[in-house]
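Asks: One structure follows; several queries about it will come next.
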Amino acid sequence: TDGGCPVLLTEPQSTNLIVQSNDFSVSDWVKTDTSVVEGFVSPDGSSNAFKLVEDTSTSSHKIASPIVSTDSESISTYSLYVKPEGRTKIGIQESQFSGKYVSFNLSTKSVISNTGLNANIVESINGWMRIDFSQSSGGVQKKFDLYLLDDAYVSGSINAYSYTGDGTSGVLIYGGQIEELSYATSYIPTYGAVR
């Protein structure tokens, strides 16, 4: 009715290899000096996002995805939705094979440090951002770690960085995904099996 032409949006078929892509409370998502709290509004408008909360230790504060297996050592893309909730700096690392990482400033929507990954930060809805990175080779097992970083972080290794948490700060997280493609497709929710 507005005179515009219809457009068909298409993506290649893809699979999210994480079997519990959004239930960060399960033990498959390993928390180190962090905890998760459920019930926050996600990009889809439901109250199904989690807050990743740092504890009060002086350490690295992170959550690790489940280890997934792929058919080959080909390129993989890792993605996650995030939103500041007391912390505005985060890092994400491929932790099963290469150890490469990228850190982000969520306030400026920019990359802080990058060890050679093809990384992106894309604004979504209501303050949410989707971060992703691709790695061109590696073993058949894949995993990523998401690190909380405090304001004092300026660059450098995220897994060697530690700070004293305040027990309340963190980020909201939603929709973890690992796929065997060179870029991130739309989020594919999973509930106990790959899709």
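The values are calculated or read from the model by the stated rules, or taken from the named source; none is laboratory data. It should be emphasised that the depicted structure is a prediction, and the values quoted were computed from it without experimental measurement. No Cβ is skipped: glycine too gets one built from the backbone with ideal geometry, and neighbour counts run over all protein chains shown. These area figures cover heavy atoms from the full protein model, side chains too; ligands, DNA and RNA do not enter into them. Shrake-Rupley method; radii C 1.70, N 1.55, O 1.52, S 1.80 Å.
Asks: What distance in nm lies between label points placed 7 Å from Cα along the C-beta direction at residue 109 and residue 193?
Replies: 3.8
Asks: Quick one: net charge around residue 22, please, counting Lys, Arg +1 and Asp, Glu -1 for every other residue with C-beta under 11 Å from its C-beta.
Replies: Every neighbour counted, the sum reads -3.
Asks: Something else now. State, to one decimal in nm, how far the label point of residue 11 lies from the label point of residue 182, with both points 7 Å from Cα in the Cβ direction.
Replies: Those two pseudo-labels are separated by 1.8 nm.
Asks: Tell me the carbon and sulfur percent of the accessible area for the chain, rounded to whole percent, probe radius 1.4 Å.
Replies: Values: 4360 of 8930 Å².
That fraction is 49 percent.
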